[in-house]
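Every number here is computed from the coordinates shown, using simple stated rules; none is lab data. Computed from a prediction, not measured in an experiment: that's the story for all the values here. Reconstructed Cβ throughout: ideal geometry from the backbone, glycine too, with neighbour counts over all protein chains shown.
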Amino acid sequence: MHYAAAAADMALEDAGLKTSGALQDAGVIVGSSRGGITSIESALEKHLLKKKPFSAYLMASSTINMASSHISMKFGIKGPSLGISTACASGTNAIGEAVRMIRTSDIDIVIAGGSEAPICRTSFGGYGASGSLSKRNSEPEKASRPFDKDRDGFVIAEGAGIIVLESLDHALKRGARIYAEISGYGVSSDAFHMTQPDSEGEALAIRNALADADIKAGEVDCINSHSTSTRLGDRAETDAVKKVFGEENRNIQISSCKSMLGHMLGAAGAVEAAITALSVHRGIITPTINIETPDPACDLNYVTSTIKRDIEVSITNSFGFGGANAVLVLKKF
């Protein structure tokens, strides 16, 4: 809730809407994978170890939807207020559903994104037991190494990414600064396994996003990849990109924000969507760091240092446990 509220405050200020009367009819959609897991863990510890009573606000403050509800209360927003939880695709799904909301309703503004605060014993223990986390504790700065042969899992992180989405007519009428156009949104389900990814399902989400944007595979300049630095995940995404783009994949530059930021779970996709929008706006592709020994099975065109170039079309991928896949297409405005 705190991360989401702070990020929303900054996003609305950046958009020039913080004191605008236009917000009353806006919408709010915030995604999260774990919600108030740290609050629940803390309450249980105090109750079981110190015999402290539970807070009357524990259940309300730990639900997935409370981040968006808090934003609506803070800024007097009386339109739809929704919470979305699709594991690590949550933030991307929140933004994509906000796009759909603007397309299909009378709402001109939606504050959307993801927020996560999972740094607690329960998260570390659970993800660690599943084999998802890196064990490179001796070199923490090199632990997140997507597509590297010696990767051994992700580095858990926390934070929030909130963006302001607006219908084009409304944005132009008020002279808003437009970073990029979200022109496509694709979703799919692997229908395969609780934790193991499937490249077919991921490829379907990418195809759906491109079709929604009316973009051909050869028009994509770069991809902000999901790439969590797990052995199975990075290979599956590599295969998905090859299935969608074929030989065109050699011309597409691949970037991984998680190599530098770690994995924010449900907030990751929203943060990466914001970074993708800034990349398109500024003509900068951020690097994938820590690729020291390339994995032969991960042989895409990875960007390993900052590149300045014009970007017309970029996509950003998010894939979550349970086979939840979400992809956004962003175009230069």
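Summary table
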quantity: Net charge of Cβ neighbours under 15 Å - reference Ile284; Lys, Arg +1; Asp, Glu -1; calculated: 0
quantity: Calculated SAXS-style log₁₀ I(q)/I(0) at q = 0.19, 0.25 Å⁻¹ - the range 96-137, Debye, Cα scatterers; calculated: -0.64, -0.85
quantity: Share antiparallel - DSSP beta bridges, the chain, percent rounded to 5; calculated: 55
quantity: In the range 132-166, trypsin sites (Lys or Arg not before Pro) in a DSSP loop with at most 10 other beta-carbon atoms within 10 Å; calculated: Lys135
quantity: Net charge of neighbours whose Cβ lies under 15 Å from the Cβ of Lys135, counting Lys and Arg as +1 and Asp and Glu as -1; calculated: 0
quantity: Value of relative contact order over the chain, rounded to a whole percent, pairs C-alpha under 8 Å and six or more apart; calculated: 23
quantity: Theoretical gain in end-to-end length, Lys18 to Lys51 [0.36 nm per residue, Cα-Cα removed]; calculated: 7.6 nm
quantity: Lys pairs, the range 181-331 - Cα-Cα below 17 angstrom, 8 or more residues apart or on other chains; calculated: 4
quantity: D (Stokes-Einstein, µm²/s), Kirkwood Cα radius, the range 67-195, 1.306 mPa s at 10 °C; calculated: 90
quantity: Sequence-distant lysines (8 or more away, or on other chains) whose Cα lies within less than 29 Å of Lys74; calculated: Lys18, Lys173
quantity: Antiparallel %, DSSP beta bridges [both residues in the range 2-173], to 5; calculated: 40
quantity: Per-residue [θ]222 nm for the chain (sum of -39500 (n - 2.57) over DSSP H runs n ≥ 4, rounded to 500); calculated: -11000 deg cm²/dmol
quantity: Label-to-label distance, nm, for residues given as Ala191 and Ala211 (7 Å Cα→Cβ offset); calculated: 1.4
quantity: The range 181-331: relative contact order in percent, alpha carbon pairs under 8 Å with at least 6 residues between; calculated: 37
quantity: Rough spin-label spacing in nm, given labels placed 7 Å along Cα→Cβ, for Glu219 and Ile284; calculated: 2.7
quantity: Cβ charges +1 (Lys, Arg) and -1 (Asp, Glu), total dipole of the range 170-234, debye; calculated: 440
quantity: Two-site FRET efficiency, Ser61 against Thr293, from Cβ-Cβ distance with R₀ of 41 Å, rounded to 0.05; calculated: 0.40
quantity: Positive minus negative residues near Ala89 (Lys, Arg vs Asp, Glu; Cβ under 12 Å); calculated: -4
quantity: Alpha-carbon centroids, the range 24-71 and the range 156-216: separation in whole Å; calculated: 27
quantity: The chain: DSSP helices with Cα axial extent of at least 15 Å and average Kyte-Doolittle hydropathy no lower than 0.5; calculated: 268-282
quantity: Anisotropy class of the range 181-331 from Cα gyration tensor, a/c 1.5 cut; calculated: rounded
quantity: Interatomic Cα distance distribution for the chain, bins of 20 angstrom, percent; calculated: 33, 57, 10, 0
quantity: Alpha-carbon spread of the range 10-141, three principal axes, descending order, Å; calculated: 48, 38, 25
